[in-house]
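As structure tokens, the structure follows; a few thoughts come after it.
The values are calculated or read from the model by the stated rules, or taken from the named source; none is laboratory data. Note that the structure is predicted; figures quoted are calculated from it, not measured. Glycine also receives a Cβ, built like all others from the backbone with ideal geometry; neighbour counts cover every protein chain displayed.
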């Protein structure tokens with residue numbers, strides 16, 4: 001009989017959830033675009049595997065929880081597909097993912113401690129990257145991010 005924890009760890013591998021910590025920035029790559037906010041199932045298919053991946057990562061790689069931080073959601077769209085697929089940020093279900101991330105990476109996701117930023121990029125495939133950093137790191141991260149963005153105009 002497969003234990004739920006083992007199953008969820010396997011699911012996080014199958015989903016290709018990637019977590020890395022470098023230069024004070026934690027980066028989580030999810031295998032898809034986050035669903036629209038009003039979808040009945042929402043981001044539930046990612047919740048348990050993401051939780052398991054973060055638990056496993058933080059068990060093996062203890063990192064201090066961010067107190068004052070910026071959480072950046074990079075919505076990466078496949079450049080080969082029509083740009084009409086790009087959605088407004090207010091239609092994307094971010095809350096559930098933020099709640100899971102904050103459990104392991106942040107002291108709290110209160111607006112007093114956590115700022116949020118959304119950006120859209122074109123890439124090789126659809127995915128979502130969540131980057132968490134101290135507030136003082138954000139300007140440099142943003143400048144680097146904007147220098148790497150490919151625009152199709």
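If you filter segment 1-38 down to residues that are surrounded by fewer than 11 Cβ atoms within 10 Å (Cβ to Cβ) and part of a loop (DSSP other than H, G, I, E, B), you find that the one that is modelled with the lowest pLDDT is 2.
Kindly provide the set of residues from segment 39-60 that are in a loop (DSSP other than H, G, I, E, B) and either modelled with pLDDT of 95 or more or loosely packed, with under 15 Cβ neighbours inside 10 Å (or both), ordered by number. Once the filter is applied, which keeps residues that are in a loop (DSSP other than H, G, I, E, B) and either modelled with pLDDT of 95 or more or loosely packed, with under 15 Cβ neighbours inside 10 Å (or both), segment 39-60 yields 39, 40, 41. Within the option set 97, 92, 86, being at pLDDT below 95, within 15 Å of residue 32 (Cα to Cα) and within 12 Å of the chain's Cα centre (by Cα) holds for one residue only, 97. Residues that are out of contact with any strand residue (DSSP E or B) (no Cβ under 9 Å at 6 or more places or on another chain) and over 24 Å from residue 146 (Cα atoms) were ranked within segment 61-103; the one that is surrounded by the most Cβ atoms within 10 Å (Cβ to Cβ) is 100.
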